[in-house]
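Only one structure is covered here, and it is reproduced in the block below.
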Amino acid sequence: WLLTSGGGASVIIADTLADLGFATEIGNYGECSGNPDRENTRAYTATLLDTMLENDIVWKYLVIAGAIANFTHIDKTFAGIIDAFRDRIEDMKKQDIRILVRRGGINDTRGLELMKNACEELGLPCEIADGSVYMTDILKKIIL
């Protein structure tokens, strides 16, 4: 499942997943960019998670990734994502949702720390990488 930011990044992520043999496993395609505020990011994430959690399939990955943002405040968008996680944490745990993060840009250090701390607090398995890691490398952490 893809929670991507930036049109170019979302294409690279989808293409890389297909190249790694996961083309038929991609649950959605979309992107949320343009410096969305916390509430819009929460609403977008909530919609994605609700769709992701509709079935009883366990052990799903949520890929939160994007390019190195020029004007999107990573800490604000991650706060919205975390809000949506908190609202659905029990269902996310029941389905063994695993989080892969790769993001860079404005306030990325703070945003990545927020995400790391929230995943630890909520008990969500999470791999976090900053903009120095290739997007393709974070996707190679998927294990089926």
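Here are some notes:
- Protection proxy ranking, highest mean first, for peptides 65-77, 23-35, 4-16: 65-77, 4-16, 23-35, where packing is the per-residue count of other beta-carbon atoms within 10 Å, averaged.
- Those Cys residues of the chain for which no other cysteine Cβ falls under 4.7 Å: 32
- Fraction of accessible area attributable to carbon and sulfur, region 1-55 (%, probe 1.4 Å): 48
- Excluding same-chain neighbours fewer than eight residues apart, the lysines reachable from residue 94 by a Cα-Cα span under 17 Å are 60.
- Solvent-accessible area, 1.4 Å probe, carbon plus sulfur percent, for region 101-144: 50
- Taking all Cα pairs closer than 8 Å and separated by 6 or more residues, the relative contact order of the chain comes to 26 percent.
- Residue-normalised accessible area of region 1-83, given per residue in Å² at a 1.4 Å probe: 47
- Region 99-144 and region 1-19: distance between their alpha carbon centers, rounded to Å: 15
The values are calculated or read from the model by the stated rules, or taken from the named source; none is laboratory data. Since the structure is predicted, the reported quantities are computational estimates derived from the model, not experimental observations. Methodologically, a virtual Cβ is constructed for each residue, glycine included, from the backbone with ideal geometry; neighbour enumeration extends over all protein chains shown. Surface accessibility is based on the protein's heavy atoms, side chains included, excluding ligands, DNA and RNA. Shrake-Rupley method; radii C 1.70, N 1.55, O 1.52, S 1.80 Å.
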